[in-house]
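S.K.: My structure is below; once you've seen it, I'll send some questions.
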Amino acid sequence: MRFLVKVSIPTEAGNKAVRDGTLAEKLGRILNELKPEAAYFAEVDGERCGFIFVDVPDVSKIPFVAEPFFLALNARVEFHPAMTPDDLRKAGPDLERAAKTYG
């Protein structure tokens, strides 16, 4: 299943990694292991944040995705199921059924 993984790096931990020169190396090593479909970085609520799209084939693989960020960067990690436009088209019958039943 495809997930948007939101990784929030606390300012103190991020600053330490920037100062000691390890932020790019740590992120690069983690991303190289995860092989994401895409990864973007931005600021959210004053913290460094990554938005990483990965396929998680089984829930038992959630630690494989999350633990490196926890351990290397003291990050908060959120998992959000994500759909492509094709996935959304496939959901059409369920959307219609819900609209008829609950709308």
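S.K.: Based on Cβ point charges of +1 for Lys and Arg and -1 for Asp and Glu, what charge dipole magnitude is obtained for segment 2-102 about its Cα centre, in debye rounded to the nearest 20?
M.R.: The calculated dipole for segment 2-102 is roughly 80 debye.
S.K.: Can you tell me the relative contact order of the chain? Whole percent, Cα pairs under 8 Å, sequence separation 6 or more.
M.R.: About 42 percent, as a whole number.
S.K.: Would you calculate a helix-derived [θ] at 222 nm for the chain, using -39,500 (n - 2.57) for each DSSP H run of n ≥ 4 and dividing by the full residue count, to the nearest 500?
M.R.: The helix contribution divided over the chain gives -14000 deg cm²/dmol.
S.K.: Going by alpha carbons, how many degrees (0 to 90, nearest 10) lie between the helix axis of 92-102 and the longest principal axis of the chain?
M.R.: 70 degrees
S.K.: Return the FRET efficiency for the residue pair Val44, Glu96: r is the Cβ-Cβ distance, R0 is 41 Å, and the value is rounded to the nearest 0.05.
M.R.: 0.75
S.K.: While we're on this one: Figure the gain on full extension for Lys61 and Lys26 (residue separation times 0.36 nm, minus the Cα-Cα span) and round it to one decimal in nm.
M.R.: So the extension gain works out to 10.6 nm.
S.K.: Next question. Per the Cauchy relation, a quarter of the hull surface: what is the mean projected area of the convex hull of the alpha carbons in the chain, in nm²?
M.R.: 8.2 nm²
S.K.: Amide H neighbours of Ala82 under 5 Å, counting only residues 5+ apart in sequence or on other chains, H built in-plane at 1.01 Å?
M.R.: Hits under the 5 Å cutoff: Arg2, Phe3, Leu4.
S.K.: Moving on. Pull up the cross-link candidates among the lysines for Lys90, meaning alpha carbon to alpha carbon under 18 Å and not fewer than 8 places away within one chain.
M.R.: Filter leaves Lys100.
A short reminder: the numbers here are calculations on the coordinates, not readings from a lab. Quantities reported herein were computed from a predicted structural model and do not represent experimental measurements. Here Cβ is always computed from backbone atoms with ideal geometry, including for glycine, and neighbour counts include all displayed protein chains.
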